[in-house]
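The values are calculated or read from the model by the stated rules, or taken from the named source; none is laboratory data. The structure presented is a predicted model; accordingly, all values stated were derived computationally and were not measured. Cβ coordinates were reconstructed from backbone atoms using ideal geometry, including for glycine residues, and neighbour counts include every protein chain displayed.
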Amino acid sequence: MRVQIVDPPAYTPPYDRALCAALARSGAEVELVTSRFAYGPVPPAEGYRVSEVFYRRSGGRPAAGLPRRALKVAEHVADMTRFRRDGGARDVVHYQWLPVPVLDGRLLPRVRPRVLTAHGVLRREDFQRRLARGLRGLLKRMDAVVALSEHGARRLRDEAGIDTDRVRVIPHGALDYLTRLPDEAPLPDELAAVEGPVILCFGLIRPYKGVDVLLEAFRSVDGAELWVVGRPLGVALDELRKLAARPRGTVRLVPRFVPDRELAAYFRRADLVVLPHRDAEQSGVLYAALAFGKPIVMSDVGGFAEVAAHGAGRLVPPGDPEALREAIERLLADPDLRGRLAASARDAAAGPYSWDAVAEQTLALYRELLG
């Protein structure tokens, strides 16, 4: 079976490349069609080939400012047109991201079946706006739409009006490649010297991720450090620093993109990973935490509860700093409970959230569509 995995803007290289490798291990002939990732190295291609044919002039750099965004859209249209014309031989085209849905729906290659994974479009605050701006039409042009959770599948059926038999749930896989990088970097010296428990909040810092809620919750937590690690996006760094200065305990900000080779050390050191999201459908950080076998405290949003149901984490109401504080303090005070959650996280990563399980479900979908 010849499969193309298509992510023009390279928004999710860890997911794309883990899926491609798993499909290739299962016997598929796989090509990842994407662009150069602007922020650092990406996982090597294992058993599949990569074609970086999108955004060759802009090099995958962020589109900052209206003129640059307009140029990026123009390049996107040209590249999608070329892909439609010269995309090569394939049995299935599986799109991961199509960033301009109002145009992309008209630029799709004629090859069928078409599959789209609904990454990053199902958050409560964005979904209706995206549907009105072309997403609904794009989804309806697909032969199957993959949701990463049952929660996401319900939204696709109930709010986007996608036929039940065209919506499939295939979970995100645990990002276990991060646990076996050959060039893993150590922590910076000032972090390596820290003693005592560490609470880790990792990933892009965006308003919906609730870092301000976590900082409020941490104000009265004793005996631990909070590390907030990731590049602010839509959040003022000065405001974060003001919030970080208020708690009694130590808050350390690492306000930059952290590449894979540095990421592992942060997760290995963490005693607890916190995802204080106000809104979400899924999170790559959650699946990194599973891969490293970490106990997790997460908001009860999107598909997070489906992961927690495997015993891998504790849920708290979104936007509730007091409930978040209580959950953090309980886990810090109970190493046995942390150990049980960590064991469940490892079991989930090796079982239902393993990439081999994801590939098996994905190939079953492809075979059904081709049949």
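Computed quantities for the displayed model
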| read-out | value |
| --- | --- |
| Selection count where residues are part of a loop (DSSP other than H, G, I, E, B), in contact with an Asp or Glu (Cβ under 9 Å, 6 or more places away or on another chain) and among the basic types (Lys, Arg), scope region 253-278 | 1 |
| Condition broken by residue 183, with the remaining ones in (1) in the same structural domain as residue 291 (by TED's automatic domain parsing); (2) touching a Pro at 6+ places or on another chain (Cβ under 8 Å) satisfied | (2) |
| Failed item in (1) in contact (Cβ under 8 Å) with a residue 40 or more places away in the chain; (2) within 19 Å of residue 179 (Cα to Cα), with residue 216 passing the rest | (2) |
| Some residue of region 153-171 being closer than 17 Å to residue 287 by Cα, under 22 Å from the mean Cα position of the chain (by Cα) and charged (D, E, K, R) | no |
| Residue among 24, 18, 64, 74 that alone is among the small types (Gly, Ala, Ser), at pLDDT below 95 and not in a loop (DSSP other than H, G, I, E, B) | 74 |
| Residues satisfying the stated conditions in region 308-365, i.e. among the hydroxyl-bearing types (Ser, Thr, Tyr) and farther than 30 Å from residue 114 by Cβ | 344 |
| Residue in region 270-283 that is surrounded by the most Cβ atoms within 10 Å (Cβ to Cβ), counting only those that are at pLDDT 95 or above and within 16 Å of residue 345 (Cβ to Cβ) | 274 |
| Neighbours by Cβ (under 9 Å, 6+ apart or cross-chain): first from region 242-261, surrounded by fewer than 12 Cβ atoms within 10 Å (Cβ to Cβ); second part of a loop (DSSP other than H, G, I, E, B) | 248/221; 248/222 |
| Residue pairs meeting the criteria (Cβ under 7 Å; at least 6 apart or on separate chains; first free of Cβ contacts under 8 Å to residues at least 60 places away in the same chain, in region 84-108; second assigned to a loop (DSSP other than H, G, I, E, B) and surrounded by fewer than 19 Cβ atoms within 10 Å (Cβ to Cβ)) | 84/109; 105/141; 108/141 |
| Options 154, 133, 129, 219; residue that is more than 25 Å from residue 235 (Cβ to Cβ) and assigned to a helix (DSSP H, G or I) | 154 |
| Those residues of region 1-27 which are surrounded by fewer than 24 Cβ atoms within 10 Å (Cβ to Cβ), among the hydrophobic types (A, V, I, L, M, F, W, C) and more than 16 Å from residue 115 (Cα to Cα), in sequence order | 10, 21, 24 |
| Tally, over region 295-322, of residues that are among the basic types (Lys, Arg) and buried (at least 24 other Cβ atoms within 10 Å of the Cβ) | 0 |
| Test: residue 234 is part of a loop (DSSP other than H, G, I, E, B) and under 26 Å from residue 122 (Cα atoms) | yes |
